[in-house]
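Read through the structure below, which is laid out as structure tokens, and then see the notes.
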Amino acid sequence: MITDIKVIAFDADDTLWVNEPYFQETEARFCSLLEDYLPHHTVSQELFKTEMANLSLYGYGIKGFMLSMIETVLQVSENTANPEIFHRVLEYGKEMLNKDIELLDGVEEVLKALFGKYRLVVATKGDILDQERKLKKSGLEHYFHHIEIMSDKKEKDYLKLLKHLDCRPESFLMLGNSLKSDVLPVLALGGHAVHIPYHTTWVHEQIDHTIEDPRFYQFNSMADILPHLIS
């Protein structure tokens, strides 16, 4: 059993619902759109470099991704791209924003089982409007005591959340698919963290070392955590 936990926080994208595959699908379409200028893999590399350069300006989410695609079009085409390409990029982004929400297996069952036994919160990063929209469309909003949409997930961001919740780190459990964002900062503060791998993870969220910590847990699915939280 994972004991003395009072607050359980859930990441949203690729933890509660599908997200990263939509970015990958759109990126593939975007690379095809620019194949007259550069090979797919080169366009992909240019897009990633642009995204990384823009993170501090736009943050995480679909809108920043759209702006980075537009900027990449300008770079790759040396400012000569047909306006139709920009129209297509905007359409790709709007399609992503209007996607139906596909819950991951076992999510609602886990929330039902934990509801009332712990304070449940969402701790996710991204665009506020987009994440609020997805949460509302998901039908899961009523399970959560608090929703925290963060500009980033570093130690200082979790400290702010813990202070708001009046929760000690040792009574806090974070659950998510990203070792970089959902696990390492929480462990550094003395909290508990559960990693549930997702089959696709954005390269920016990957790490290159193993984690050894008694407060770190890894399960194949969200439902696997229940025996460790409910006796």
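The values are calculated or read from the model by the stated rules, or taken from the named source; none is laboratory data. Only a predicted model underlies this, so the values are computations on that prediction, with no experimental measurement involved. Using ideal geometry, Cβ is built from the backbone for each residue, glycine included, and neighbour counts are taken over all protein chains shown.
Yes or no, residue by residue, for (1) among the basic types (Lys, Arg); (2) surrounded by 15 or more Cβ atoms within 10 Å (Cβ to Cβ); (3) touching a residue at least 24 places away in the same chain (Cβ under 8 Å):
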{"position": "Asp105", "(1), (2), (3)": "no, no, yes"}
{"position": "Glu108", "(1), (2), (3)": "no, yes, yes"}
{"position": "Ala113", "(1), (2), (3)": "no, yes, yes"}
{"position": "Tyr118", "(1), (2), (3)": "no, yes, yes"}
{"position": "Val121", "(1), (2), (3)": "no, yes, yes"}
{"position": "Lys136", "(1), (2), (3)": "yes, no, no"}
{"position": "His145", "(1), (2), (3)": "no, no, yes"}
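In this structure, Met69 does not qualify as in contact with a His (Cβ under 9 Å, 6 or more places away or on another chain) and not assigned by TED's automatic domain parsing to the domain that holds Glu141.
Determine, yes or no, whether Phe86 is modelled with pLDDT of 95 or more, touching a helix residue (DSSP H, G or I) at 6+ places or on another chain (Cβ under 9 Å), surrounded by fewer than 17 Cβ atoms within 10 Å (Cβ to Cβ) and aromatic (Phe, Trp, Tyr). Considered against the rule, which asks whether it is modelled with pLDDT of 95 or more, touching a helix residue (DSSP H, G or I) at 6+ places or on another chain (Cβ under 9 Å), surrounded by fewer than 17 Cβ atoms within 10 Å (Cβ to Cβ) and aromatic (Phe, Trp, Tyr), Phe86 comes out as yes.
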